[in-house]
Amino acid sequence: MGQIRIVQGDITRLEVDAVVNAANSTLLGGGGVDGAIHRAAGPDLLAACRSLGGCPAGEARITPGFRLPAKWVIHTVGPVWQGGERGESALLASCYRESLAVAKAHGVATIAFPAISTGVYGYPKQQAAAIALAAMREWVDDFEKIIACCFSAADADRYRKLCRECI
Ligand code: APR
């Protein structure tokens, strides 16, 4: 029986099998959590990403974690918020589902997600949290632990209000 956990902190420090990166379609790094993961993983991560040739929004790719505590990094590309009428919710749900599918295929037991698309990409945080938790609940029994790693206390509170059963 798997668990969904909500933690507040820096995803690059989590001792999990895989961390999910909120990347852009080039997979060549950026700011936010993408920048943090690349800084912590070291230059080998960028070299590994270069060989992947990018990633469309809603899909996921996996690389080693290099200097990160996590063995794997699963790179996914969230939708840019454009008002909600351009398929953003389906694309965001796909980011979580595809990342979980790739993780399962690689024998991952513990995985941590940032709040994909809710920073630079402007996705409304409340709606994004509901989409994230719905996907996590679909997959929870395929994993030991699925972690929602929230960077701020406000983000963590938002998730906890939507998931009373999450520890
Ligand atoms: N650990 C956990 N969460 C983090 C961290 C971190 N070290 N740094 C940032 N976050 C959080 C942000 O607070 C936000 O809630 O990650 C969430 C996603 O924000 P962004 O990193 O801006 O990602 P996103 O909105 O998906 O935009 C992706 O930004 O950095 C670029 O290359 C990236 O072009 C892509 C775009």
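Using beta carbons and a limit of 7 Å, which pairs, at least six apart or on different chains, have the first residue in segment 99-112 and farther than 13 Å from Val16 by Cα and the second one small (Gly, Ala, Ser) and not in a strand (DSSP E or B)?
From residues that are farther than 13 Å from Val16 by Cα, the pairs are Leu100/Ala135.
Residues in segment 61-72: is at least one β-branched (Val, Ile, Thr), more than 16 Å from the ligand (Cβ to nearest atom) and touching a helix residue (DSSP H, G or I) at 6+ places or on another chain (Cβ under 7 Å)?
We begin by selecting, within segment 61-72, every residue β-branched (Val, Ile, Thr); these are 62-63.
So of that shortlist, the ones also more than 16 Å from the ligand (Cβ to nearest atom) come out as 62.
Still in the list and also touching a helix residue (DSSP H, G or I) at 6+ places or on another chain (Cβ under 7 Å): 62.
Yes, segment 61-72 contains at least one residue that is β-branched (Val, Ile, Thr), more than 16 Å from the ligand (Cβ to nearest atom) and touching a helix residue (DSSP H, G or I) at 6+ places or on another chain (Cβ under 7 Å).
Would you be able to tell me the number of residues in segment 105-119 that are assigned to a helix (DSSP H, G or I) and under 24 Å from Arg13 (Cβ atoms)?
0
Which residues, counting only those in segment 10-34, are β-branched (Val, Ile, Thr), more than 8 Å from the ligand (Cβ to nearest atom) and over 19 Å from Tyr121 (Cβ atoms)?
Val16
Yes/no per residue for (1) assigned to a helix (DSSP H, G or I); (2) within 15 Å of the ligand (Cβ to nearest atom); (3) surrounded by fewer than 15 Cβ atoms within 10 Å (Cβ to Cβ):
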| position | (1), (2), (3) |
| --- | --- |
| Ala128 | yes, yes, no |
| Trp139 | yes, no, no |
| Ile147 | no, yes, no |
| Ala154 | yes, yes, yes |
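Of (1) part of a helix (DSSP H, G or I); (2) in contact with a Phe, Trp or Tyr (Cβ under 7 Å, 6 or more places away or on another chain), Gly122 satisfies all except one. Which?
Of the numbered conditions (1) part of a helix (DSSP H, G or I); (2) in contact with a Phe, Trp or Tyr (Cβ under 7 Å, 6 or more places away or on another chain), the odd one out for Gly122 is (1).
Show me the strands (runs of 3 or more DSSP E) found entirely inside segment 1-76 where at least 2 residues are in contact (Cβ under 8 Å) with a residue 60 or more places away in the chain, among the polar types (S, T, N, Q) and surrounded by fewer than 22 Cβ atoms within 10 Å (Cβ to Cβ).
Answer list for segment 1-76: 3-8.
Rule-based calculations on the coordinates, nothing more; no lab input. Since we're looking at a predicted model, the values are computed, not measured. Neighbour counts are summed over all protein chains in view; Cβ atoms, including those assigned to glycine, are modelled from backbone coordinates with ideal geometry.
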